[in-house]
Amino acid sequence: MRKTLFIISLFFTVFVAAQAIEKENLIALDSTWGKEMFPFPISFAKNINYEGIAEVRFPPKGWRTIGHDYFWTYTYAWSIDVNSKITATELTTNLEKYFDGLNNVTKTNNLDQKASASINKTKRKGKTTSFNGTVDTYDHFATNKRIILNVLIESHYCKKEKKTLLLFKFSPKDYKHKVWETLKSIQLKDDFCEY
């Protein structure tokens with residue numbers, strides 16, 4: 001009986017925690033943008049050694065539509081318990097781990113889908129550091145071919161809260177394409193350090 005009560009209690013706790021995560025918003029976007037939230041460690045990329053939450057936001061139309069301006073264009077935020085500023089090397093490594101996990105790349109599986117990233121620091125202003133770069137990965141959602149994503153990253157260090165928030169903006173489009181006007185306007189919520 002105790003074992004059954006424990007299992008029910010554990011299930012309820014996980015269910016309530018998942019619903020609480022789903023109600024939070026890290027990114028200041030309206031409800032027309034699709035949304036997924038999940039905790040760290042990420043179920044498909046457990047080798048990213050963080051604790052926290054992640055929020056992915058997809059444009060209202062076109063994310064999986066080949067030829068659409070917003071094909072593979074999206075934004076992503078991580079609120080992680082990292083009490084230090086993130087480096088370009090750490091971002092490079094973790095983006096490779098993330099996309100390898102997304103494509104189920106292991107030492108013996110899907111090796112042709114292995115991701116490679118190149119991230120460079122561009123500027124630092126106060127507690128915010130900006131980066132740009134590329135991620136060469138595999139698109140198993142639409143084309144089943146390799147795809148190169150351009151990426152802009154903002155790393156916000158919340159010293160008092162001992163955490164870091166990362167805001168990623170991805171698109172295969174060149175930085176001069178109009179989709180980047182939309183992506184560059186996307187920001188974290190004003191109280192992001194409190195999450």
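The values are calculated or read from the model by the stated rules, or taken from the named source; none is laboratory data. Since the model is a prediction, treat every value here as computed from it, not as a measurement. Note that each Cβ is placed from the backbone with ideal geometry, even for glycine, and that neighbours are counted across all protein chains shown.
A few points about this structure:
- S79 falls short on exactly one of the conditions (1) in contact (Cβ under 8 Å) with a residue 12 or more places away in the chain; (2) over 25 Å from A28 (Cβ atoms); (3) hydroxyl-bearing (S, T, Y), and that condition is (2).
- All conditions in (1) crowded, with 16+ Cβ neighbours inside 10 Å; (2) at pLDDT below 95; (3) over 22 Å from F38 (Cβ atoms) hold for K61, with the sole exception of (1).
- Contact annotation: residue pairs with Cβ atoms under 6 Å, 6 or more positions apart or on different chains, pairing a residue in region 33-48 that is within 22 Å of P59 (Cβ to Cβ) with a partner that is part of a strand (DSSP E or B) and of a type outside the set (A, V, I, L, M, F, W, C), are W33/R57; K35/R57; M37/E55.
- Here K184 does not fit the description of being out of contact with any Lys or Arg (no Cβ under 9 Å at 6 or more places or on another chain) and surrounded by fewer than 19 Cβ atoms within 10 Å (Cβ to Cβ).
- Restricting D112, D30 to those that are more than 18 Å from I153 (Cα to Cα) and in a loop (DSSP other than H, G, I, E, B) reduces the list to D30.
- Where strands (runs of 3 or more DSSP E) sit wholly within region 118-195, none has at least 3 residues that are of a type in the set (G, A, S) and closer than 16 Å to E55 by Cβ.
- Search result, residues across region 98-109 that are part of a loop (DSSP other than H, G, I, E, B) and closer than 25 Å to F168 by Cα: N103, N104, V105, T106
- Scanning region 34-58 for residues that are touching a Phe, Trp or Tyr at 6+ places or on another chain (Cβ under 6 Å) and at pLDDT 90 or above yields G34, F40, Y50, E51, G52, A54, V56, R57, F58.
- Only one of the listed residues (K123, K169) is of a type in the set (K, R) and either modelled with pLDDT under 95 or over 21 Å from R64 (Cβ atoms) (or both). That residue is K123.
- In region 47-88, the residues that are more than 13 Å from the chain's Cα centre (by Cα), among the acidic types (D, E) and under 27 Å from R146 (Cβ atoms): D69
- The number of residues in region 163-181 that are of a type in the set (K, R) and either without any contact (Cβ under 8 Å) to a residue 12 or more places away in the chain or over 22 Å from T93 (Cα atoms) (or both) comes to 3.
- T73 meets the conditions (1) of a type in the set (S, T, Y); (2) in contact with a helix residue (DSSP H, G or I) (Cβ under 9 Å, 6 or more places away or on another chain); (3) at pLDDT below 90 in every case but one. The failed one is (3).
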